[in-house]
Amino acid sequence: MMEVAIGNIKFKNPIIAASGTFSNGREFDEYFDIGKLGGIATTGLTYKRRDGNKGIRLYETRSGMMNSIGLQNEGIEEFLQNDMKFLKEKSTNIIANLGGGELEEYILGAKLLNKSDVDMIELNISCPNVKKGGMSYGIKSKDAYEITRQIREVVDKSLIVKLSPNAENIVEMALACEDAGADAVSLVNTFNALAIDIGKRKAIFDNKTAGLSGPGIKPIALRMVYQVAQNIKIPTIGIGGIVSWMDVVEFIMAGATAVQVGSSNFIKPDICMDIITGLEEYMARENIKNLEEIKGII
Amino acid sequence: MKNSYIHKKIIFKEKLAPNILRIKVEYSGQVKPGQFFMIRGWSGVEPLLSRAISVADYENEQISFLIEVKGSGTKLIDKLGLGDEISLLGPLGQGFNIESGKKIALVAGGIGIAPLLYLAKKMDGKVDLYAGFREKEYLVEEFKPYIDEVHIATDSGKTGHKGLVTDLISPDKYDLVITCGPMVMMKALAQICSGRVDLEMSLENNMACGIGACMGCTVETKTGMKTVCKNGPVFKESELIL
Ligand SMILES: Cc1cc2nc3c(=O)[nH]c(=O)nc-3n(C[C@H](O)[C@H](O)[C@H](O)COP(=O)(O)O)c2cc1C
């Protein structure tokens with residue numbers, strides 16, 4: 001049985017599509033039934049629409065990629081009236097990924113989402129690609145505590161806080177979010193990183209730095225998930241470089257309750273289905289009845 | 001449901017120029033000029049991203065791709081031989097509008113010539129080709145049955161005009177100009193065509209997913225942000241904010 005629970009929500013399997021890598025599902029639903037996923041984290045949503053960043057937005061690295069999308073989205077109201085109507089019909093959990101700049105913007109967004117049909121909210125305090133706010137809440141534990149507490153006050157739905165690997169101390173950060181009332185933490189978002197065009201003698205990205213994701217980050221993400229899961233009581237959702245069911249098993253053995261699959265959706269639009277099938281077969285082979293049997297087992 | 005990646009054997013491979021490869025695979029389905037496929041010529045996740053490659057031709061259930069060998073992914077494709085498999089997702093994107101009865105100039109820069117061959121085959125009317133290359137021309141011969149005039153420019157001066165392809169074109173002779181190539185060339189062409197003739201551009205921004213999901217290849221247009229992979233890759237120049 002692949003079922004897992006996070007907050008007051010049941011997931012039929014622990015595979016969730018990660019925010020910003022799965023749009024709002026429509027493009028992927030043309031390649032497989034997205035209702036088969038445990039959950040879908042929406043594109044990073046902000047109270048008002050955003051056009052995102054200028055200049056180059058993507059750059060491939062060894063074993064990974066960097067992005068500087070900058071939270072391009074239509075705004076929460078438009079999302080609720082359009083993509084959410086489509087997503088609601090799918091038999092999977094919809095996790096609204098909430099981004100923003102200033103605290104007030106986050107709170108306005110959270111209030112709209114709290115009244116909506118989304119199943120959960122994932123508070124993104126870890127986007128390295130917005131100038132004001134965004135990741136700045138994700139560096140110091142006391143800032144993360146403060147924003148989580150304020151969002152908690154306006155949100156009745158289950159609340160996940162998405163952590164940045166750029167945090168000063170990832171365990172303290174997770175504990176602060178737990179104290180402030182989060183129902184779960186998800187980690188990691190992308191690593192703040194730099195690439196340079198030596199011919200032009202300039203950074204590749206207009207913002208200079210951008211977010212690194214993909215298989216190259218997995219060992220560090222796994223270590224962080226391991227450290228966090230040992231120290232908090234709420235569930236940990238593991239993210240970072242997952243490309244196969246074996247990676248998922250590693251994250252669960254490190255202590256994760258569920259996982260999110262990000263950049264590898266770009267390798268193959270139905271890669272999540274391969275992962276779900278692979279996990280199912282693994283459990284049957286190893287006679288694992290419930291993922292709790294291997295969770296945090298190392 | 002659409003097919004996810006399919007696996008096809010390379011049935012033809014040749015070098016058109018030192019770093020320009022042509023491969024063919026069998027395919028059956030609808031394919032429009034200007035559409036592209038996301039291609040992986042390797043198994044596993046390194047390099048991470050598939051390469052977006054335009055359809056250069058589609059005939060007798062065979063697709064041709066022209067590939068400029070320049071990075072880690074295209075070098076791996078270059079190492080493949082006949083009978084080796086590549087993985088393909090597509091066809092993707094909207095492609096060109098097929099016009100008839102108009103006077104049209106096709107303007108290519110380097111490997112940007114690839115999608116224009118299949119387009120030239122599908123269009124009637126007066127179609128002229130203007131093609132610029134760094135060293136030497138390639139593929140141009142194959143256009144000849146389908147077009148009227150050919151104008152070539154090279155940086156090296158080895159064939160045709162020594163200089164820029166944009167030096168050669170008089171926009172007032174045409175109803176429509178269609179271009180694919182490096183951004184600097186297309187921007188120069190936009191200046192020349194501005195206010196004189198309509199211009200359509202096929203863009204080649206970096207892509208990750210190819211299906212309109214990651215917002216990595218976005219361009220700014222007069223009607224908002226658009227993805228090159230799904231809304232494009234062909235845009236009216238008058239719609240773009242470059
Ligand atoms: C193109 C792209 C866009 C992303 N956008 C968001 C976003 O809007 N909100 C968010 O919380 N995370 C975003 N992320 C981070 C991913 O959800 C994920 O945390 C990260 O990529 C690490 O996982 P991976 O290695 O599996 O990709 C984005 C990642 C990529 C590659």
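The values are calculated or read from the model by the stated rules, or taken from the named source; none is laboratory data. From a predicted model like this one, the values you see are computed outputs, not experimental measurements. Please note: Cβ atoms are built from the backbone with ideal geometry, for glycine as well, and neighbour counts cover all protein chains shown. Accessible surface areas use protein heavy atoms only, side chains included; no ligands, DNA or RNA. Shrake-Rupley method; radii C 1.70, N 1.55, O 1.52, S 1.80 Å.
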Next item on the list: Tell me which residues come under 5 Å, amide H to amide H, from A:Leu45 once H is placed; ignore anything under 5 positions away on its chain.
Entry: A:Asn97, A:Leu98, A:Gly99
Check: At a 1.4 Å probe, what is the % contribution of carbon and sulfur to the accessible area of the protein assembly as shown?
Finding: 48 percent
Notebook entry, point to check: Hey, any idea what the orientation-averaged projected area of the convex hull of chain B's Cα atoms comes to, in nm²?
Noted result: 12.8 nm²
Check: Using modelled amide H (1.01 Å from N, peptide plane; none on Pro or chain starts), what sits under 5 Å from the amide H of B:Gln62, excluding residues fewer than 5 places away?
Finding: B:Tyr27
Notebook entry, point to check: By its C-alpha gyration tensor, with a ≥ b ≥ c as the square roots of the eigenvalues, how is the stretch A:164-298 shaped: rounded for a/c under 1.5, else prolate for a/b larger than b/c, else oblate?
Noted result: oblate
Checklist line | Solvent-accessible area of A:Glu168 with every protein chain in place, 1.4 Å probe, in Å² to the nearest 10 | finding: 120 Å²
Next item on the list: Could you work out how far helix B:183-193 tilts from the main Cα principal axis of chain B, as a 0 to 90 degree angle to the nearest 10?
Entry: 30 degrees
Item checked: Spin-label zone in the stretch B:59-81 - amide nitrogen under 13 Å from a point set 7 Å from the Cα of B:Phe12 along the C-beta vector -> B:59-66
Note to self: What is the distance in Å between the Cα centroid of the stretch A:202-224 and that of the stretch A:56-114?
What the structure shows: 19 Å
Next item on the list: Would you please name the trypsin sites (Lys or Arg not before Pro) within the stretch A:232-298 that are DSSP coil residues with at most 14 other C-beta atoms within 10 Å of their C-beta?
Entry: A:Lys233, A:Lys289
Next item on the list: Show the residues, 5+ positions off or on another chain, whose built amide H is closer than 5 Å to the amide H of A:Ile239.
Entry: A:Leu187, A:Val188, A:Gln260
Item checked: Only Lys, Arg (+1) and Asp, Glu (-1) charged, at Cβ; the stretch B:168-242 dipole about Cα centre in debye -> 120 debye
Item checked: Test item: Cα-centred dipole of the stretch B:6-92, Lys/Arg +1 and Asp/Glu -1 on Cβ, debye -> 200 debye
Checklist line | Per-residue HN-Hα couplings for the stretch A:145-159 [Karplus 6.51, -1.76, 1.60; θ = phi - 60°; Hz; x = Gly/Pro] | finding: 4, 5, 5, 5, 4, 5, 5, 3, 4, 9, 10, 8, 5, 4, 10
Next item on the list: With a/c under 1.5 counting as rounded, go ahead and sort the stretch A:4-293 into rounded, prolate or oblate using the C-alpha gyration tensor (a ≥ b ≥ c being the square roots of the eigenvalues; past the cut-off, prolate if a/b is larger than b/c, else oblate).
Entry: rounded
Next item on the list: With a 1.4 Å probe and every protein chain left in place, work out the accessible area per residue of the protein assembly as shown in Å², rounded to a whole number.
Entry: 41 Å²
Next item on the list: Mind running the shape call on the stretch B:100-200? Use the C-alpha gyration tensor, a ≥ b ≥ c as the square roots of the eigenvalues: rounded below 1.5 for a/c, prolate if a/b tops b/c, oblate otherwise.
Entry: oblate
Margin query: If I take every Cα pair under 8 Å that is 6 or more residues apart in chain A, average their sequence separation and divide by the length, what percent do I get for the relative contact order?
Written below: 18 percent
Next item on the list: Using a cut-off of 12 Å between beta-carbons, work out the net charge of the residues near B:Glu239 (Lys and Arg +1, Asp and Glu -1, B:Glu239 not included).
Entry: -1
Notebook entry, point to check: Summed for both chains, how many Å² of accessible area, to the nearest 100, are buried between B and A with a 1.4 Å probe?
Noted result: 2600 Å²
Margin query: For chain A, set up a GNM with springs between Cα atoms under 10 Å and report which of A:Ala229, A:Ala180, A:Ala284 has the largest fluctuation.
Written below: A:Ala284
Notebook entry, point to check: Got the relative contact order for chain B handy, in percent, Cα pairs under 8 Å and 6 or more residues apart?
Noted result: 17 percent
Next item on the list: Give a residue-ordered list of calculated ³J(HN,Hα) values for the stretch B:169-182 (Karplus: 6.51 cos²θ - 1.76 cosθ + 1.60, θ = phi - 60°; whole Hz; x for Gly, Pro).
Entry: 8, 10, x, 5, 6, 10, 8, 7, 10, 10, 9, 8, x, x
Notebook entry, point to check: How much FRET efficiency would the formula 1/(1 + (r/R0)^6) give for B:Thr159 and B:Asp124, where r is the Cβ-Cβ distance and R0 is 30 Å, rounded to 0.05?
Noted result: 0.60
Note to self: Give me the dipole magnitude in Debye, nearest 20, for chain A about the Cα centre, with unit charges on the beta carbon: positive for Lys and Arg, negative for Asp and Glu.
What the structure shows: 800 debye
Item checked: From phi via Karplus (6.51, -1.76, 1.60), per-residue ³J(HN,Hα) for the stretch B:90-100 in Hz, x at Gly/Pro -> x, x, 10, x, 8, x, 7, 6, 8, 9, 9
Check: On average, how many beta carbons from a partner chain sit within 10 Å of the beta carbon of a residue in B:1-11?
Finding: 3
